[in-house]
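Engineer: This is the structure I want to talk about, given as structure tokens.
Just so it is clear, none of the values below were taken in a lab; they were calculated from the coordinates. All of these numbers come straight from a predicted model, not from anything done at the bench. Cβ atoms come from the backbone with ideal geometry, glycine included; neighbour counts cover every protein chain shown.
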Amino acid sequence: MNWIGRSLPRLEDPTLLRGHGHYVADLAQDAAHIRFVRSPVARGRILGIEAPEGVTVYTAADLSDVGQIRPVLERPDYVAVGQPVLPSDRVCFAGQAVAFVVADEAAAAEDLAEQIFLDIEPEEPVVDLDAALRPDAVPTHPEAPGNVLVEGRMRTSGLDAAFAGAAAVVELDLRSRRQSAMPMETRGGVARYDQRDRRTTLHASVQMPHMLRTGLADLLGCPEADLRVIAPDVGGGFGQKMSLFPEYVALVWLARHLKRDVAWIEDRRENFLASAHSRDQAFTVRGAFDAQGRLLGLEADLRSNVGAFSCYPVTCGVEPLMAFAELPGPYKVLEYGARSRGVTTNTCTMAPYRGVARPMLTLTMERLMEDAARRLGLDPIEIRRRNLIDSFPHRSPTGLVYDAGSYIAAMEAAVAAVDLPAFRRRQAEALTQGRYLGLGISVFSERTGYGTPAYAARGMAIVPGYEQVDCALDPSGHLELRIGASPHGQGLATALAQLVADELGVVPSQVRVISGDTDRTPYGWGTFASRSMVIAGGASKLASAKVAAKLRAVAACLMEATEAEIDLEGGLARVRGTNRSTPIREIARAAHHRSHLFSDLEGGLRQTAFYDPFGTFSNACHVAEVEVDVDTGGVRIERFLVVEDAGRLINPMIVDGQIHGGVAQGIANALYEEMIYDPDGNLLTASLADYLPPTINEIPKIEIIHMETISDATLTGAKGVGEGGTIGAPAAIVNAIVDALAPFGVAINETPATPERIRAAIRSARENRHE
Amino acid sequence: MNDRLAITLNVNGQSYPVTVEPRKSLADALREDCGLTGTHLGCEHGVCGACTVIVDGRPVRSCLMFAVQAEGLAVCTVEGLAEGEALHPLQRHFWEQHGLQCGFCTPGFLMLAAGAFEADPTIDEAEMIDVLSSNLCRCTGYQNIAKAVSLALQDMRAGV
Ligand code: FES
Ligand code: FES
């Protein structure tokens, strides 16, 4: 029975559908509640913290033994800034936790918090990305006088010659506005102190439980064994729940200090103000093209607003350095020069959000291709055809090695599926009625499933990347798979169960996947960066293959055959070519209870495997058809098509779900969502009435075509697919808007392309024409 | 606090005598006082719909209703949707169509669709999709939620 490749309904779902899931707030009953008192200003000196009589307020002074969050990149261009769990002298962004109170119930804690007065002398903040880079800008941190916390630079030797010999040089300024990953469940934790063994268990809504435990132990100065971190059901993360946040440190500190159970469940406003933001980036690029449209050279100045601090463990390098390393994307870029800076400001700290920098760099490359095609009088599909990578392995100018993919074929399939000539006829006809239709495409690569080499190359002092899996067949013939990855909605338990079921000849429902608990799973890195199916999947395959080998050995002995003759299928071990078979359950029992009969049972039916791959590139092409209302600036997406190549599909239904969700977030990025600060650093979009994630009415039907390039860069043949939807959609939509507005000669190089921005672009195009 | 009120909530056909502050939301009372944590809170300001429950046959955002207002009314939460082992058609189709990922928004969507059908059993598919636009999901891109609800609507109409 082959379980791989089937759209098996998820094993996770019945519990969740009945309302029996355990999200962290569901575990907070009976615990005392913490409420943080947050800075009302973006920057200022703390003069005092006043509490009414009888109210205990915890401040930096109480936490004097606790360390600072200070992630490190081992590179000379990195300035490590420390983030205190609670600040003692100055605040760096509006919403920063300055103190906390505790009460028996959440509402009572909120009442108390309102009575705490923070005496803060406001100072002029630096908020805007480019303003922070001006020579006269005030430094956010004294350690970084120019506000640059990390800087990558490179220049290949032939870049100047490429520009000198170019038939056309295309220049672009692009801007991606700040966003929030905005998981539906906010952050939260429940810390339980156990008097008996003096351990503290933190249940928290996180993506990296093991890393969180390491960070907490380091900051609190205790052995890791004193702590246990459990990620229960997690209501979405998208990168926002990867980091070690000060709130968790305070929570665990308080549980240990009071020796009682305490909870912190943040509200939506806190989540917007103080969790993490992303995508606040400005890119200035120049592309040198020859007359045939070949991209000879690419030069880029990449700026990322990383906010007030550096997120732990991935650091503030995550956006700028990813942009730096991956800008060329799916294109053959012969010569490359880039400078990429992470710029600190008095705003909420940046952390990864699904796609990390790649939505913006894809927008950049796809706008560049479109502009170059227009300048050179080439068909925009043809110019991509001439530049897309087509031989593998491909080595990028930044040293990335791309495994086999279907870059051109995916684009051709997409173009064929949308019937471009028919669209052009519809578009021309609509124009005669004063309606503006547009079609945009975006081709991109998605680097996924990368192990330690990729993170080490970034200079991270903490190098994530591998995964370990512990696979055990118990005496009842049921399988437990303990994984270091920590899924939170991806359906990984189902997909891994399918994978190992095939390896061991059992059914997926016999496989229990255990994740997210530092006491019950091997050390691992969690779930992020489109890695779990590739890396935890690879390790699961290896571990279950080792168990299968032991099973075969025992079965061979029991049935007087050779190991090579044993097939594991349908819950049985069969001797090939005979009618002899024994249920796997009986073999498992014998291996545990009659071990004296077998030789070499070392490790028994419990085996561990480790997997640390170099990484693999998925690829895709997105096509968007839109209609733009030129009077209102409103955009309607009429059609959205994805041709996706993520290698082997383990569970196609789950893969499609990842694409759907990713595209929806990409649409949000392209058209709707924006975190807006006023010049004083106050967040204007701290509620769901102001920050606008799309509803079912804004998301069109998403059509998906799969291609399956099986690459040898991954053990399972599967490539990662978690982020692609988010990466490709903004560029396709923006290109479609620009296409629709071609009669006005309008360029849109900023996301989200809100009605306001589209109207402004049309107005300025009209004014320019009249001048 | 002595300004608490003793009330009885009727949830999923069961009586829950609870003592709550007048300011306590129905959502908080369901979660904290009745122990029914299937009702989730995504925003507590009436936008996301994660907290949707059915009150007297209509979908209601339980973060915007006070617990004391629900006294004497019939409240139905996600825990009351299935009949024993048998999943409600909405639950079944959400499962089969992969209408959930992290599952945090799911109880809200289930109760919204169930409540909209209960309030108007003649509701058509387009109207139903429009109703669904009042809730937020961050994971699914709504594709499979729409599919699941359409299929469930057919089953609910047919009474299966
Ligand atoms: S929690 Fe009630 S609408 Fe969001
Ligand atoms: S399934 Fe995660 S928010 Fe809807």
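Engineer: Return P(r) of chain A (all Cα-Cα pairs; 10 Å bins starting at 0; whole %; ordered from short to long distances).
Structural biologist: 3, 14, 23, 24, 19, 11, 5, 1, 0, 0
Engineer: I've got another one for you. For region A:466-611, count all C-alpha to C-alpha pairs, find those more than 21 Å apart, and express that count as a whole percent of the total.
Structural biologist: That fraction is 40 percent.
Engineer: Output the antiparallel fraction of DSSP beta bridges having both residues in chain A, as a percent to the nearest 5.
Structural biologist: Values: 101 of 131 bridges.
Within chain A, antiparallel bridges account for around 75 percent of the total.
Engineer: Taking a spot 7 Å from the Cα of B:ASP130 along the direction of its beta carbon, which residues of region A:695-739 have an amide N less than 15 Å from it?
Structural biologist: A:696-698
Engineer: Could I ask something else about it? Over all Cα pairs of region A:668-771, how is the pair count split among 5 Å bins, expressed in % and running from 0 up to the last occupied bin?
Structural biologist: Over region A:668-771, the share of Cα pairs per 5 Å bin runs 2, 9, 14, 16, 15, 14, 11, 8, 5, 3, 1, 0, 0 percent.
Engineer: Report the calculated FRET efficiency for A:GLN195 and A:GLU110 (r = Cβ-Cβ distance, R0 = 25 Å), to the nearest 0.05.
Structural biologist: Calculated value: 0.30.
Engineer: Can you list the residues, at least 5 places off or on another chain, whose amide H is less than 5 Å from the amide H of A:VAL37, using H built in the peptide plane?
Structural biologist: Under 5 Å from the amide H of A:VAL37: A:VAL98, A:ALA99, A:PHE100, A:VAL101.
Engineer: Also: Counting alpha carbon pairs within less than 8 Å and at least 6 residues apart, what relative contact order, in whole percent, applies to chain A? Write out the running numbers ahead of the final one.
Structural biologist: On the way: 1945 pairs, mean separation 121.2, N = 771.
Rounded, it is 16 percent for chain A.
Engineer: Points 7 angstrom from Cα along the Cβ direction at A:SER509 and A:GLU412: gap in nanometres?
Structural biologist: Placing both labels 7 Å beyond Cα along the Cβ direction yields 4.5 nm.
Engineer: Using just the alpha carbons, could you tell me how many Å³ per residue the convex hull of region A:252-317 encloses?
Structural biologist: Per residue, the Cα convex hull of region A:252-317 comes to 146 Å³.
Engineer: Another question, if that's okay. Where Rh is the Kirkwood radius over the Cα pairs of region A:607-694, the temperature 4 °C and the viscosity 1.567 mPa s, what D in µm²/s does Stokes-Einstein return?
Structural biologist: 77
Engineer: Amide H neighbours of A:SER486 under 5 Å, at least 5 residues apart or on other chains, H built in the peptide plane: list them.
Structural biologist: Answer set, sorted by chain and number: A:GLY526, A:THR527.
Engineer: How much FRET efficiency would the formula 1/(1 + (r/R0)^6) give for A:ALA564 and A:ALA225, where r is the Cβ-Cβ distance and R0 is 41 Å, rounded to 0.05?
Structural biologist: Between A:ALA564 and A:ALA225 the formula returns 0.40.
Engineer: Quick one: compute the contact order of region A:439-581, relative version, from alpha carbon pairs under 8 angstrom and 6+ residues apart, as a percent.
Structural biologist: Reported relative contact order: 25 percent.
Engineer: Any idea what the alpha-carbon Rg over 2.2 N^0.38 Å comes to for region B:5-80?
Structural biologist: In units of the 2.2 N^0.38 Å rule of thumb, it is 0.95.
Engineer: Name the residues whose placed amide hydrogens come within less than 5 Å of the amide hydrogen of B:SER25, ignoring near sequence neighbours (fewer than 5 apart) on the same chain.
Structural biologist: B:ALA67
Engineer: Want the number for A:ALA689 to A:GLU171: 0.36 nm per residue separation, take away the alpha-carbon distance, what's left?
Structural biologist: Here the answer is 182.8 nm.
Engineer: Kindly express, to the nearest 10 degrees and within the range 0 to 90, the angle between helix B:143-158's C-alpha long axis and the longest C-alpha principal axis of chain B.
Structural biologist: In chain B, helix B:143-158 runs at an angle near 90 degrees to the longest axis.
Engineer: For region B:89-158, what log10 I(q)/I(0) values come out of the Debye formula at q = 0.16, 0.20 1/Å, with one point per alpha carbon and no solvent?
Structural biologist: Scattering profile of region B:89-158, log10 relative to I(0): -0.44, -0.71.
Engineer: While we're on this one: Hey, what do the phi angles of region A:71-84 turn into as Karplus ³J(HN,Hα) couplings, whole Hz, using 6.51/-1.76/1.60 and θ = phi - 60°, x for Gly and Pro?
Structural biologist: Taking θ as phi minus 60°, the curve returns x, 10, 10, 8, 8, x, 8, 10, 10, 7, 10, x, 10, x Hz for region A:71-84.
Engineer: Here is a follow-up. Can you work out ³J(HN,Hα) from phi for every residue in region A:269-279, in order, using Karplus 6.51 cos²θ - 1.76 cosθ + 1.60 and θ = phi - 60°, giving whole Hz and x for Gly and Pro?
Structural biologist: The phi angles translate into 5, 4, 4, 5, 6, 9, 7, 7, 10, 8, 6 Hz.
Engineer: Once label points are set 7 Å from the Cα along Cα→Cβ at both A:ARG425 and B:HIS45, what is their separation, rounded to one decimal in nm?
Structural biologist: 5.1
Engineer: Additional query: Computed FRET efficiency, Cβ-Cβ of A:ALA742 and B:GLU83, R0 60 Å: what is it to the nearest 0.05?
Structural biologist: Details: r = 57 Å, r/R0 = 0.96.
It comes to 0.55.
Engineer: Pairs of lysine in chain A with Cα under 27 Å and at least 8 positions apart or on different chains: total?
Structural biologist: 7
Engineer: Quote the convex hull volume per residue of region A:27-185, based on C-alpha atoms, as a whole number of Å³.
Structural biologist: Value for region A:27-185: 199 Å³ per residue.
Engineer: Report ³J(HN,Hα) in whole Hz for each residue of region A:308-319, in order, from the Karplus equation J = 6.51 cos²θ - 1.76 cosθ + 1.60 where θ = phi - 60°; Gly and Pro get x.
Structural biologist: 7, 9, 10, 6, 9, x, 7, 6, 6, x, 4, 6
Engineer: Figure the gain on full extension for A:GLN292 and A:GLU480 (residue separation times 0.36 nm, minus the Cα-Cα span) and round it to one decimal in nm.
Structural biologist: Extending this stretch completely gives an extra 61.9 nm.
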